[in-house]
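**Q** Submitted below is the structure of interest, expressed as structure tokens.
The values are calculated or read from the model by the stated rules, or taken from the named source; none is laboratory data. All values reported here derive from a predicted model rather than from experimental measurement. With ideal geometry, Cβ positions are generated from the backbone for all residues, glycine too; neighbour counts draw on all protein chains shown.
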Amino acid sequence: MTSALILIANGTEEMEFTITYDTLVRGGVSCTSAFVPDSESSPGENKAKCSRGLVVTPDTILASVENSAVADYDLLVIPGGAKGAETMSGSAVVQALVRDFLYKQKYVGMICAGSLAAKTAKLPRQPLTSHPSVKEALEQDFEYSEDPVVLSGKLITSRGPGTAFPFALTLVELLCGKEARDSVYGPMVFPPGTPW
């Protein structure tokens, strides 16, 4: 079964995490959420307080899966939210995972400020997007775009909470095919004229 590792930290943007997780599951992807601790986290802590106060209990902690992640998962997802993205992009483990997933020709999805991980992982210059608040930090090193979703080989980036659905649906299509995307899209009952 196709599988995804979705990271979460204190300060992660709720919509980007939950919409991506939920949409992937609807598409038939087995999802595992992993907590990335910050400097204020207690040892073994496994609860993330998201950017708007929602508390999420992830499936595991990053330390438990870091050594097997590239072998076990087809997709790595890094959501945004300023504080959460800072924690994730500053993590040497996350940076190594980003590089390793891409080296092994596996997908990496980054949304919002999560795209900062492309810079800290020292990815080569390529097309990318992000939340406008971190555009300045990225536009010198990447071919910056303001498209809702940007594909660059196995790297998929997106802009923010408002683009979480097209981001997640794109991930479903890449992992499981257009039929799977269509089967998820219909029952979600987007308003007529929705552009994705």
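**Q** Is at least one residue of region 1-9 modelled with pLDDT of 95 or more, closer than 19 Å to residue 113 by Cβ and assigned to a loop (DSSP other than H, G, I, E, B)?
**A** yes
**Q** Still on this structure: Looking only at region 132-146, decide whether some residue is surrounded by 15 or more Cβ atoms within 10 Å (Cβ to Cβ) and either within 13 Å of the chain's Cα centre (by Cα) or closer than 23 Å to residue 3 by Cβ (or both).
**A** No, region 132-146 contains no residue that is surrounded by 15 or more Cβ atoms within 10 Å (Cβ to Cβ) and either within 13 Å of the chain's Cα centre (by Cα) or closer than 23 Å to residue 3 by Cβ (or both).
**Q** What number of residues in region 132-152 are farther than 17 Å from residue 78 by Cβ, in a strand (DSSP E or B) and not hydroxyl-bearing (Ser, Thr, Tyr)?
**A** Here the count works out to 1.
**Q** Out of 160, 186, which single residue is in contact with a Pro (Cβ under 9 Å, 6 or more places away or on another chain) and under 22 Å from residue 25 (Cα atoms)?
**A** Only one candidate qualifies: 160.
**Q** Can you tell me which condition residue 80 does not meet? The list is (1) of a type outside the set (S, T, N, Q); (2) more than 25 Å from residue 133 (Cβ to Cβ); (3) surrounded by 15 or more Cβ atoms within 10 Å (Cβ to Cβ), and all the others hold.
**A** (2)
**Q** Could I ask something else about it? Would you check if residue 21 is within 21 Å of residue 131 (Cβ to Cβ), modelled with pLDDT of 95 or more, surrounded by 17 or more Cβ atoms within 10 Å (Cβ to Cβ) and touching a strand residue (DSSP E or B) at 6+ places or on another chain (Cβ under 6 Å)?
**A** Answer is yes for this residue.
Residues checked against (1) closer than 17 Å to residue 79 by Cβ; (2) of a type outside the set (A, V, I, L, M); (3) buried (at least 21 other Cβ atoms within 10 Å of the Cβ):
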{"site": "126", "(1), (2), (3)": "no, yes, no"}
{"site": "130", "(1), (2), (3)": "yes, yes, yes"}
{"site": "154", "(1), (2), (3)": "no, yes, no"}
{"site": "159", "(1), (2), (3)": "yes, yes, yes"}
{"site": "163", "(1), (2), (3)": "yes, yes, yes"}
{"site": "169", "(1), (2), (3)": "yes, no, yes"}
{"site": "179", "(1), (2), (3)": "no, yes, no"}
{"site": "189", "(1), (2), (3)": "no, no, no"}
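**Q** Moving to a separate point now. Restricting the search to region 183-196, which residues are under 14 Å from residue 166 (Cβ atoms) and either assigned to a helix (DSSP H, G or I) or among the acidic types (Asp, Glu) (or both)?
**A** 184, 185, 188
**Q** Restricting to region 144-177, count the residues that are on the phi > 0 side of the Ramachandran plot and free of Cβ contacts under 8 Å to residues at least 40 places away in the same chain.
**A** Number of matching residues: 1.
**Q** Taking region 33-61 as the region of interest, how many residues are hydrophobic (A, V, I, L, M, F, W, C), part of a loop (DSSP other than H, G, I, E, B) and buried (at least 17 other Cβ atoms within 10 Å of the Cβ)?
**A** 2
**Q** So residue 120 fits all but one of (1) in contact (Cβ under 8 Å) with a residue 24 or more places away in the chain; (2) of a type outside the set (Phe, Trp, Tyr); (3) surrounded by 23 or more Cβ atoms within 10 Å (Cβ to Cβ); what number is the exception?
**A** Here residue 120 meets the rest and fails (3).
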